[in-house]
Amino acid sequence: MTFTPAASPRTDLSNRNGVANQAGNYVSTYTNSGGCKSTQTFNVTVNMNEVVISLHPNPASAGRFTILLPAITENTVVKIYDNLGRMLYKKVAKGSNKIEIDSKFPAGFYYVSINSKGFSSIKKLVVQ
């Protein structure tokens, strides 16, 4: 099975598992043992997994920590919620892949929601 970006069909992103490794529109062509071809066009979106976005240090001291994103983003919205679901903090960061947070929260467990164009993630944060 071959996956090829629809915008530039000369670029071959073939692999044995039939997995496209970047976002975009693709055309998949499958040829069976009898020589019959089947073609399908589809869109691949990027799922930003939990490994790509990091909070450090975690546990944080006095609510000070840094968020590292995989790429520079235009507008990233960071919201922090307590364990009852109340939003306690909101920040819009522009043009950076490193976001510094100084929330001054007391010790406890929090959820950090990170939303940007193309991805979102929720991370657990411990403040000591």
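The values are calculated or read from the model by the stated rules, or taken from the named source; none is laboratory data. Bear in mind that the values here come from a model prediction, so they are computed numbers and not experimental data. Note: ideal-geometry Cβ built from the backbone for every residue, glycine included; neighbour counts use all protein chains shown.
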Apart from one, (1) of a type in the set (V, I, T); (2) within 30 Å of I101 (Cα to Cα); (3) at pLDDT 55 or above all hold for T41; the odd one out is (2)
Test N75 against the criterion of being exposed (fewer than 12 other Cβ atoms within 10 Å of the Cβ) and either outside any loop (DSSP other than H, G, I, E, B) or small (G, A, S) (or both), and give yes or no.
yes
